Amino acid sequence: MNGLECYISCLIESSLLLPIIIMIGFISIFLFRFIKKRNFESLLLSQTLMTALITISLIAMSCTMFNWLWIYLGIILIGSLMIFIIKNLLDKDIDENIINSISFVYEFEKEFNVPIQIIDSQRIKAFHYRKRIYLSIGLLERLEKEEIRAVIAHEIYHLKYSPNKIVSSLLAISSLTFRRYNDEKSADKYAVKITGVNNLINALKKLHIKNYEKRISRLSS
Amino acid sequence: MVKLERINLEKKGLTKFFSPNEGRILELLWKNRKMTSPDIQFVCNDLSLACVSGTLDRLVKSGFVNRKLDETEKRIRYIYSASGDRNNVGNKISTKILESLVDTFGESTLDSIGKISKKGR
């Protein structure tokens, strides 16, 4: 008996296994297709359900020929363990010099209701970390206020809606794509919605951000 | 401070002790006293924004350049100035190199310095 025959005979002989598999499969598809607001979370949940589905099937069927499924589960398990170990080893505070009491950013903090930290550096830096947004002086001095708003709005999107790196890495492993979820496009759209397209385009042009030409042409179209 | 492993006596001018971009920006600051980063970028227009920014951060960290934050309601910016003139930088680098030589060769370095200073007179 080969792997496929084993699988089919197990499905036929078991009474509850087939309905369970069909139900979880439908829930996964539903979560992935229809919950669009938090797209990434639904994708992750459906991935988790799929993994659970595979595990249940394997345990119920006891088909030794489906070794590749066990290998898949092994990759997920080892990958997840590695991510948590690395996370605990590398989880430190930001290694940047922070300048306190910069009144220049107060109005942005009020408007977006998010703490903004200023990095003492001429380099162009804008990122979020632990519910705060970090901007460098180098970035602030090159942009007009409306352009700074566009950058902050972009980071706000990441802060509110983007998955954290751990979740993103888990999904990259469970989907076997080994590529992290990238939602720069959605963050750009969000910034455009709040501050207008020209401000974000101007900011990208002035800062010479990586792939800025591609992002500008995407925003312009 | 200048890293000893980066010193290359075969090069010319300040590039013996600094990278070409660091030397160029230092010369600019000695000449103009106070400059903003867009001013520096305007003069060094062949260098990228990232390159000028990185070089300025390195020069500040190594203590050869100072920067002061200038904040108004509309704008925020750094104002750069050299922390010392050409002679100060010369003193700093010479001291560092001599200390290293004395540490390695001891008396013979001091003899050589004596001979050079006699020649100089």
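The values are calculated or read from the model by the stated rules, or taken from the named source; none is laboratory data. Keep in mind that what you see is a predicted model, and the values were worked out from it rather than measured. Positions of Cβ are backbone-derived with ideal geometry, glycine not excepted, and every protein chain shown enters the neighbour counts.
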- Query: Looking at A:Ile118, is it crowded, with 20+ Cβ neighbours inside 10 Å and touching a strand residue (DSSP E or B) at 6+ places or on another chain (Cβ under 8 Å)?
  - Reply: yes
- Query: Can you tell which of B:Leu29, B:Leu59, B:Leu69, B:Leu49 is surrounded by 15 or more Cβ atoms within 10 Å (Cβ to Cβ), within 14 Å of chain A (Cβ to nearest Cβ) and at pLDDT below 90?
  - Reply: B:Leu49
- Restricting region A:106-138 to residues that are hydroxyl-bearing (Ser, Thr, Tyr) and at pLDDT 90 or above, the residue that is farthest from B:Val52 (Cα to Cα): A:Tyr134
- Could you tell me whether region A:137-158 includes any residue that is under 13 Å from the mean Cα position of the chain (by Cα) and surrounded by fewer than 20 Cβ atoms within 10 Å (Cβ to Cβ)? yes
- Note on the structure: The helices (runs of 4 or more DSSP H) lying wholly within region B:25-121 that contain at least 3 residues that are of a type in the set (Asp, Glu), in contact with a helix residue (DSSP H, G or I) (Cβ under 7 Å, 6 or more places away or on another chain) and closer than 26 Å to A:Ser103 by Cβ are none
- Using the structure shown, decide if B:Asn21 is surrounded by fewer than 15 Cβ atoms within 10 Å (Cβ to Cβ), over 14 Å from A:Gln122 (Cα atoms) and among the polar types (S, T, N, Q). no
